[in-house]
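The values are calculated or read from the model by the stated rules, or taken from the named source; none is laboratory data. Quantities reported herein were computed from a predicted structural model and do not represent experimental measurements. All Cβ positions, glycine included, derive from the backbone under ideal geometry; neighbour counts span all protein chains shown.
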Amino acid sequence: MTDGTNPPSSPQPEPAPGSGYGFPSGPPAQNGYGYGYPVGGAGHGYGYPQSEQQPNPYQQEADGGQWPPATQPQPVQPGFTRLAGPDIPGAAQQPDWEAMAERSDAERRKKKKKLWMLGATVTVLALLAGGGTFFLLGRGEGADATDAKPSTSTPASPGPEESKSPTAYTATVAGDDTLLRDSYGQTGIRLGPDLKIGPVGKRFQVIGKGNGNSWAQSAEPVVDVTKSFTVTARAYSSAAKGSRIAISQGDGESYSFELGVNEVNGKQAWIFRVQTGDKGAEATTRTVAAEGLTILKTPTLLMATYDAEKKAIALYVDGKKAGETPVPTIWQAPGPLQLGRSRHHDIWTGPWQGGLHNIKVYDMAFTQEQAAGYKEGKLSPAPKPAHAWLLT
């Protein structure tokens, strides 16, 4: 390889006729291609010397010859055309190094432009995908570990915890992974053996297996059932049948209220049920049910209210009022708030199967307009919850 200049050479005398280093005098060699090269050997027919016989252009011959020899152009064999270029047979033209360099620079610039465009496209797609994912998971409906489904709604009335970065939020108390942290109050909820914390979007939920250990409870009562209240939760039930209670309060003989799934007229329905007298007698219960809805593996916003002035309970499903019924009072059962079970006749029933999150308690009874606004994230003015766990 050279730097673009011809190798140095010393003028040499013209080769003597018949010396063998120039072109042979006389007519062109037989079977050649018209430039005077002899055939390389029987059966070759290309007219060039074999590689081991190739003269070295940088070595001076002993008899004063040089390569390539300075001779006059040779006649062309009939039927062939002289190639364009110098009249010195076999002389190689020097490459255009400047043109080659320009082409190489152009190729590099073209590749860099393609890489830059590809990187920009990937960045845009990543941003769009990230934004779409955040939008879809903004509501973060509850789900079990294998069946979680996104939703397009966002949590209503965002409080200080909800406005923080998802990476900054923690579901449990620092140093205790089995105690759910109350984001607004001071009441933690202790997890049972089979109610585990799992992901929902970029936040957390609790997931129950539907057995006797799929529960959690606070250390003390959370809801004052003698006054107006609202309890909300986002639920995802993966149980095809049976009673499945998401939230209740009570211990001992019976519950004060329970919110979850029960079979009504042979089919699953969302229910909000309260006790108006002690000991859990059937005659003392009042129930509001949302029938005819798809429950199995369907993310759902549940809202149960008690209006102490109106003496009525109501159930809202995804912001829509499912029903309302009057109650004289709600029996204040002893015992704490429960997740994933309820107390019936001194027995725990309704083990939760599926996911629960965004659980809140308000010291007020939401109206129908407020329930709809909460669902759409447009509740204004936004009331502050008294307690909240597993926010999304």
Give me a count of the residues in the stretch 239-277 that are over 24 Å from V361 (Cα atoms) and either touching a residue at least 12 places away in the same chain (Cβ under 8 Å) or in a strand (DSSP E or B) (or both). 9
Residue under evaluation V223, criteria (1) out of contact with any Asp or Glu (no Cβ under 7 Å at 6 or more places or on another chain); (2) in a strand (DSSP E or B), criterion not met: (2)
I'd like the full set of residues that are aliphatic (A, V, I, L, M), buried (at least 18 other Cβ atoms within 10 Å of the Cβ) and in a loop (DSSP other than H, G, I, E, B), limited to the stretch 169-196. A171
Take the conditions farther than 18 Å from N262 by Cβ, in contact with a strand residue (DSSP E or B) (Cβ under 9 Å, 6 or more places away or on another chain) and part of a strand (DSSP E or B) and apply them to K321. Does it pass? yes
Hey, could you check the stretch 313-369 for residues that are of a type in the set (A, V, I, L, M) and under 37 Å from the mean Cα position of the chain (by Cα) and say which is farthest from A386 (Cα to Cα)? A322
Of the residues in the stretch 212-224, those that are among the aliphatic types (A, V, I, L, M) and crowded, with 20+ Cβ neighbours inside 10 Å come to A216, V222, V223
Given the criterion in contact with a Lys or Arg (Cβ under 6 Å, 6 or more places away or on another chain), touching a residue at least 40 places away in the same chain (Cβ under 8 Å) and among the small types (G, A, S), identify the matching residue among G340, G280, G350, G355. G350
Is at least one residue of the stretch 272-283 modelled with pLDDT of 95 or more, under 28 Å from the mean Cα position of the chain (by Cα) and within 21 Å of A322 (Cβ to Cβ)? no
Enumeration of residues in the stretch 372-392 that are closer than 24 Å to A322 by Cα and either polar (S, T, N, Q) or in contact with a helix residue (DSSP H, G or I) (Cβ under 6 Å, 6 or more places away or on another chain) (or both): L379, S380
Flagged in the stretch 363-387 as outside any loop (DSSP other than H, G, I, E, B), in contact with a strand residue (DSSP E or B) (Cβ under 7 Å, 6 or more places away or on another chain) and surrounded by fewer than 24 Cβ atoms within 10 Å (Cβ to Cβ), in numbering order, are Q368, K375, H387
Do the conditions hold for Q353, that is, is it buried (at least 18 other Cβ atoms within 10 Å of the Cβ), of a type outside the set (V, I, T) and closer than 26 Å to K311 by Cβ? no
Of these, T367, T329, which one is of a type in the set (S, T, Y), assigned by TED's automatic domain parsing to the domain that holds I295 and farther than 18 Å from R286 by Cα? T367
Being among the basic types (K, R) and surrounded by 16 or more Cβ atoms within 10 Å (Cβ to Cβ) is true for just one of K209, K227. Which residue is that? K209
